[in-house]
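Only one structure is covered here, and it is reproduced in the block below.
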């Protein structure tokens, strides 16, 4: 090989090596570094109401703008044990795309109960860093006691599902728990706060001017508080009730 040809080859190898390093560096910069967020919709009245996935769109856009991969769960129905299994599948999918990362759960209304079941009974505490609920009746919603089986009756305060969920520590693991409730969730005419807080330590914000219950996931105030919670802040106050 002549000297000029050898020099040309060495130059090409050098250029290729520099290009490879640049591609690897660009890939490293582009890789997501923030936890995936799992958004979980609420009650569908036994399928009579469409899943409120569309109401999460403003929140999805806001969290994506923060650099967070966002997944919206398509729940199979109104049985929370089955919904929790669906959450587990989405969590596994999200974590497969970001090995080593934990995820954050954000649940609206009944979706917050399914998320807690996943945490408490399906090993979710090992994979979750933040739990945020919006308008979730953590200790039940009495009108649900009139619902037929499989259509949301899990929300009845005396249901076997809630009795098991609220037996012992409500906030297991090292997960950071935040609960958000609006004026519409606890109207003053009904005596204000209608649902006791989770025990074991939780960030609580009640009485938010967040509009109608169904619109909470798209309300700018709620979205701002969710973002604060996912950034390790507390948009309210810490309440640490003894575990019962």
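Rounded, prolate or oblate: which one fits the stretch 35-239, using the alpha carbon gyration tensor with axes a ≥ b ≥ c (rounded when a/c is under 1.5, else prolate when a/b beats b/c, else oblate)? Intermediate values should be presented prior to the final figure.
On the way: a/c = 1.31, a/b = 1.17, b/c = 1.12.
Note, shape of the stretch 35-239 comes out rounded.
Which order do the peptides 34-41, 122-129, 152-159 come out in when sorted by mean C-beta neighbours inside 10 angstrom, highest first? Present the calculation step by step, with values, prior to reporting the outcome.
Values: 34-41: 23.0, 122-129: 17.4, 152-159: 19.6.
Descending packing order for the listed peptides: 34-41, 152-159, 122-129.
Using r as the Cβ-Cβ distance of residue 164 and residue 231, and R0 as 30 Å, what FRET efficiency do you calculate, to the nearest 0.05? Walk me through the numbers on the way to the answer.
Details: r = 32 Å, r/R0 = 1.07.
The pair residue 164/residue 231 has a calculated efficiency of 0.40.
Just to verify a number: FRET efficiency for residue 95 and residue 64, C-beta to C-beta distance, R0 = 22 Å, to 0.05? The partial results should precede the final answer.
Values: r = 18 Å, r/R0 = 0.81.
So the FRET efficiency works out to roughly 0.80.
At 7 Å along the Cα-to-beta-carbon direction for both residue 34 and residue 53, put a label point, then send me their distance in nm to one decimal.
It works out to 2.3 nm between the two label points.
Starting from the Cα of residue 183, step 7 Å along the direction of its Cβ; do the same at residue 241; then give the gap between the two resulting points in nm.
Placing both labels 7 Å along Cα→Cβ, they lie 2.5 nm apart.
Taken together, the values in this text are just the output of simple stated rules run on the coordinates, not laboratory data. Here the structure is a predicted model, which means the values were calculated and not measured. Glycine also receives a Cβ, built like all others from the backbone with ideal geometry; neighbour counts cover every protein chain displayed.
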